[in-house]
Amino acid sequence: MTTYYDQEEINMINKGNDDLSVADSTPSNLLKNKQPRTSRVKQYTIQRQINEMINGKGYKKTVTIRMFGSGDTGTFIRNAVTGEYTNHRVGSKESNLYYSVANCTGLDKMNGPVHLYYNSPSEYEKHQFTTVDEESKYAWLNRVTHLRGKYV
């Protein structure tokens, strides 16, 4: 006897066990031409070259960045730096409390862009060795200040 689970049940099973994926429980007759989108949340690593100043001289340095993506709409948001799950869901109104970015460089070839959620733009800047323009920071701060009283 084969048991089929709905998507929400599969997400709850996979939330606590990142070794499972939806593809593991999908019947083979549904896997004809392409794999279904999996709700498995993975850890990704990228290499990035950064400029570093040591004693007044500029050097290029390669760093490895480890990040955790959040799943599809309805899954719990996962902090991109720590990998910890929050009590808020992707696509909910509460998801606007986070600074989110999408990595569209092909890290996850089967599922498309990797959605990353940070507690603030400065956490994103430190993690990805980049800068965010002041206008974007200000817009995020205004949005979060307005929403914080409602959802926190």
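Computed from backbone phi with θ = phi - 60° and the Karplus coefficients 6.51, -1.76 and 1.60, the 3J(HN,Hα) list for region 54-66 is 10, 6, x, 9, x, 10, 9, 10, 9, 10, 9, 10, 9 Hz; x is used for glycine and proline.
Residue by residue, region 73-82 carries 3J(HN,Hα) couplings of 3, x, 7, 6, 5, 10, 5, 5, 8, 8 Hz when phi is fed to the Karplus relation 6.51 cos²θ - 1.76 cosθ + 1.60 (θ = phi - 60°); x denotes Gly or Pro. Cross-link pairs exceeding 26 Å in C-alpha to C-alpha distance, out of 42/126; 42/150; 57/137; 61/126, comprise 42/150; 57/137. A cut-off of 5 Å between modelled amide H atoms, ignoring neighbours fewer than 5 places along the same chain, links residue 75 with 90. Among the trypsin sites (Lys or Arg not before Pro) in region 56-152, those placed in a DSSP loop whose Cβ has at most 12 other Cβ atoms within 10 Å are 109. Using only the C-alpha atoms, the convex hull of region 42-151 corresponds to 118 Å³ per residue.
Our compactness index for region 78-135, the C-alpha radius of gyration over the empirical 2.2 N^0.38 Å, is 1.16.
Where a number appears in this text, it was derived from the coordinates with a stated rule and is not lab data. What you see is a predicted model, and the numbers here were worked out from it, not measured in a lab. Counting neighbours? That spans all protein chains shown, and the Cβs are built from the backbone with ideal geometry, glycine included.
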